[in-house]
Amino acid sequence: MPLIEVSVIQDVFTPQQKQQIIGSLTEAMVQIEGENMRPVTWCVVREVASGDWGIAGSPLSTADVKALAAGAGV
């Protein structure tokens, strides 16, 4: 049984976007492993608290990620 785990910073994605992540990643796995594996393909989206995620030695906040998505630098 495949388990797909995705970690994201809390409050960056809406519930609808997280559902899209789950659906799209499940589809990608099913394309590789075959349709018979769909019922046993698990996908978990875990949210990490803002500031508890670091990149290049610095904490990353929800606001930082939203700024990146909008095209601004951090």
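The values are calculated or read from the model by the stated rules, or taken from the named source; none is laboratory data. Here the structure is a predicted model, which is why all the values come from computation and not from measurement. All accessible areas refer to the heavy atoms of the entire protein, side chains included, with ligands and DNA or RNA removed. Shrake-Rupley method; radii C 1.70, N 1.55, O 1.52, S 1.80 Å.
If you roll a 1.4 Å probe over the heavy atoms of the protein chains, what accessible area per residue do you get for the chain, in Å²?
69 Å²
On full extension, the segment bounded by Ile4 and Asn36 gains 9.9 nm, given 0.36 nm per residue less the C-alpha separation.
Can you tell me the relative contact order of the chain? Whole percent, Cα pairs under 8 Å, sequence separation 6 or more.
Computed over the chain, the figure is 40 percent.
Expressed as a whole percent, the accessible area of the chain that falls on carbon and sulfur atoms is 57 (1.4 Å probe). Axis of helix 15-33 versus longest Cα principal axis of the chain: the two differ by about 40°, to the nearest ten degrees. Kirkwood analysis of the Cα pair distances in the range 11-74 returns a hydrodynamic radius of 13.8 Å.
Residues whose amide H falls under 5 Å from that of Ser61, counting only those 5 or more places apart or on a different chain, are Gly51, with hydrogens built in the peptide plane.
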